[in-house]
1. Among the residues of the stretch 134-153, how many are modelled with pLDDT of 95 or more and either over 23 Å from residue 193 (Cβ atoms) or not hydrophobic (A, V, I, L, M, F, W, C) (or both)?
2. Give the residue that is nearest to residue 335 (Cα to Cα), with candidates limited to residues of the stretch 70-113 that are part of a loop (DSSP other than H, G, I, E, B), touching a residue at least 24 places away in the same chain (Cβ under 8 Å) and in contact with a strand residue (DSSP E or B) (Cβ under 6 Å, 6 or more places away or on another chain).
3. Check 120, 131 and return the single one that is in contact with a strand residue (DSSP E or B) (Cβ under 7 Å, 6 or more places away or on another chain), at pLDDT 95 or above and more than 30 Å from residue 273 (Cβ to Cβ).
4. Give me a count of the residues in the stretch 317-341 that are crowded, with 18+ Cβ neighbours inside 10 Å and within 24 Å of residue 228 (Cβ to Cβ).
5. Would you check which residues across the stretch 281-309 are at pLDDT 95 or above and of a type in the set (Gly, Ala, Ser) and list them?
6. Might you let me know whether the stretch 77-86 holds any residue that is under 21 Å from residue 128 (Cα atoms), touching a Leu at 6+ places or on another chain (Cβ under 9 Å) and outside the structural domain of residue 163 (by TED's automatic domain parsing)?
7. Suppose we filter the stretch 179-220 for residues that are outside any loop (DSSP other than H, G, I, E, B) and either touching a Ser or Thr at 6+ places or on another chain (Cβ under 6 Å) or touching a residue at least 40 places away in the same chain (Cβ under 8 Å) (or both); how many remain?
8. Please work out which one of (1) assigned to a loop (DSSP other than H, G, I, E, B); (2) surrounded by fewer than 21 Cβ atoms within 10 Å (Cβ to Cβ); (3) of a type in the set (Val, Ile, Thr) is the condition residue 131 fails and give its number.
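The values are calculated or read from the model by the stated rules, or taken from the named source; none is laboratory data. Keep in mind it's a predicted model, so treat the numbers as computed, not measured. Please note: Cβ atoms are built from the backbone with ideal geometry, for glycine as well, and neighbour counts cover all protein chains shown.
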Amino acid sequence: MELLVAVSITCILSAVLAALVVLADAALLDYGECAIRVNGEKEIKVKGGGALLAALMDHKIFIPSACGGRGSCGLCKLKVLEGGGQVLPTEEPYLDEEELAGNVRLSCQIKVRNDIVVEVPEELLRVREFVTTVEGLTDLNYDTKHIRLKLNNGDEIRFTAGQYIQFNVPAYGGSREPVYRAYSIASPAKDVTHVDLVVRLVPNGICTTYVFDVLKQGDQVLINGPYGDFHLRDTDAEILFVAGGSGIAPILSMLHEMAEKGIDRKATFFYGAGTLRDLYLVEETKAFEESVPDFTFVPTLARPEDGWDGEAGLVTEVLDRHVADGKDKEAYLCGSPGMIDAVVEVLHGKGITDDRIFYDKFA
């Protein structure tokens, strides 16, 4: 008990000291105006002291960040050629040796305290910001909503099935400042005037609490995108789709693409849920069996109930039972990191190598 008390006190003191350091840095140090030079061409002036990620976003240069700049997703990478300082311990877990040698950094962790020279991928410079209106807000089950956003002002968003956008959450009771969260697009790529999202409630989550408790039909929402390289590859390989929960979103967009283009490749979608009340969009997904040649939908419950006549067990177990070997197959996975890691292990056991496994991990 004494040890637990000591550890608790130490943690509290550490948190207080960290907060004081942040407050002191903001209140006492004035870094003045700093310049950020982008790709050797564009130069922007910003007030020093803030995060590089936020400074670029303020000037409509959008770097992906699924966690909203908290340093927990590792997506906001770019090259910092000058002025970034030493690599921080908070960055190291997300950077491999090649990236470290190539001056790749997490932009959310770098404070702009002097002039900085950065290199931003050209595709990110083409990312746009859109004002949208909530056209539909539907409960899919007890903890998941479907959001349909219509782009305003005649705007159009051109994206590839499997990509995602960043959703701006304005300051509200649960957040003192605006934040961004990443959500995969569920709608067909041919519909350039709408964006459909599947949002699952995260306890105390800034964005999901806003969506469930504040957002209503007719509200305006700011988004930017598209982002990501999760998309169908142009091959003849058999497709294995695997997802859990709201990971169904990009798979739906890919299925729309297959239906629209008449892609004739054998494909199976293994969709895992806990119990019957956790399943949603089952009929909508099964309908693709009529419009996509040689497509099969396999929903599964980890804890099946009376009346359920579908597959039972973890999605990894069902995948293992259905797939004899990985010859001429490729896999597309979407869901939590734990689920994806477990599925990858099964796929490796079937002989499917990493170059034929594509995934989008929800942070």
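1. First pass over the stretch 134-153, keeping only residues modelled with pLDDT of 95 or more: 134-152.
Still in the list and also either over 23 Å from residue 193 (Cβ atoms) or not hydrophobic (A, V, I, L, M, F, W, C) (or both): 135-136, 138-139, 141-146, 148, 150, 152.
Selection size over the stretch 134-153: 13.
2. Just the residues of the stretch 70-113 that are part of a loop (DSSP other than H, G, I, E, B), to begin with: 70-76, 83-91, 95-96, 102-103, 107-110, 112-113.
Imposing the further condition that a residue be touching a residue at least 24 places away in the same chain (Cβ under 8 Å) reduces the set to 70-76, 83-85, 103, 107-110, 112-113.
After this cut, where a residue has to be in contact with a strand residue (DSSP E or B) (Cβ under 6 Å, 6 or more places away or on another chain) as well, the list is 76, 83-84, 103, 107-108, 112.
Values: 76: 19, 83: 36, 84: 33, 103: 30, 107: 25, 108: 24, 112: 34 Å.
Restricting to residues being part of a loop (DSSP other than H, G, I, E, B), touching a residue at least 24 places away in the same chain (Cβ under 8 Å) and in contact with a strand residue (DSSP E or B) (Cβ under 6 Å, 6 or more places away or on another chain), the top hit is 76.
3. Details: 120 fails: at pLDDT 95 or above.
131 is the lone residue from the list that is in contact with a strand residue (DSSP E or B) (Cβ under 7 Å, 6 or more places away or on another chain), at pLDDT 95 or above and more than 30 Å from residue 273 (Cβ to Cβ).
4. Residues meeting the conditions: 10.
5. 287, 291, 302
6. Looking for residues that are under 21 Å from residue 128 (Cα atoms), touching a Leu at 6+ places or on another chain (Cβ under 9 Å) and outside the structural domain of residue 163 (by TED's automatic domain parsing), one finds at least one in the stretch 77-86, hence yes.
7. Within the stretch 179-220, residues that are outside any loop (DSSP other than H, G, I, E, B) and either touching a Ser or Thr at 6+ places or on another chain (Cβ under 6 Å) or touching a residue at least 40 places away in the same chain (Cβ under 8 Å) (or both) number 19.
8. For residue 131, the failing item is (1).
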